[in-house]
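Worksheet for the structure shown next.
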Amino acid sequence: MIISETVEFHVGDRVCIYRESFYGTVESAVVVDAPADHSLRLEFPDGHRNHLRNGHIELLAPAGR
């Protein structure tokens with residue numbers, strides 16, 4: 001389950017992902033897909049993509065709508 005104060009994410013939203021680790025890593029990414037199963041497909045600044053199904057994520061900047 002994705003934990004967030006944001007109810008819904010949209011393609012193009014810039015988000016911040018808080019990784020649970022010893023170092024408390026924080027990463028930014030852009031939403032490239034928001035499937036109906038409430039997971040997110042993200043693209044990171046280095047170009048790699050990831051399918052996020054759980055974790056803590058927050059909206060940094062909404063997509064221009």
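The values are calculated or read from the model by the stated rules, or taken from the named source; none is laboratory data. All values derive from a computational prediction rather than experimental measurement. Please note that ligands, DNA and RNA were not included when accessible areas were found on the heavy atoms of the full protein model with its side chains. Shrake-Rupley method; radii C 1.70, N 1.55, O 1.52, S 1.80 Å.
3J(HN,Hα) couplings calculated from phi for segment 4-17 with the Karplus curve 6.51 cos²θ - 1.76 cosθ + 1.60 (θ = phi - 60°) are, in sequence order, 6, 7, 7, 6, 9, 10, 10, 4, x, 5, 8, 10, 10, 10 Hz; Gly and Pro show x.
Could you work out the percent of alpha carbon pairs in the chain separated by over 13 Å, rounded to a whole number? Considering the chain, 60 percent of its Cα-Cα pairs are separated by more than 13 Å. Exposure check, 1.4 Å probe, all protein chains in place: Val32 carries approximately 50 Å² of accessible surface.
Straightening the chain between Val11 and Glu27 buys 4.0 nm, computed as 0.36 nm per residue apart minus the Cα-Cα spacing.
Take every Cα pair under 8 Å whose residues are at least 6 apart in sequence, average their separation, divide by the length of the chain, and the relative contact order is 42 percent. Note on Ile3: accessible area approximately 90 square angstrom, rounded to 10, probe 1.4 Å, nucleic acids and ligands left out. With every protein chain in place and a 1.4 angstrom probe, the accessible-area ranking of His51, His38, His10, largest first, reads His38, His10, His51.
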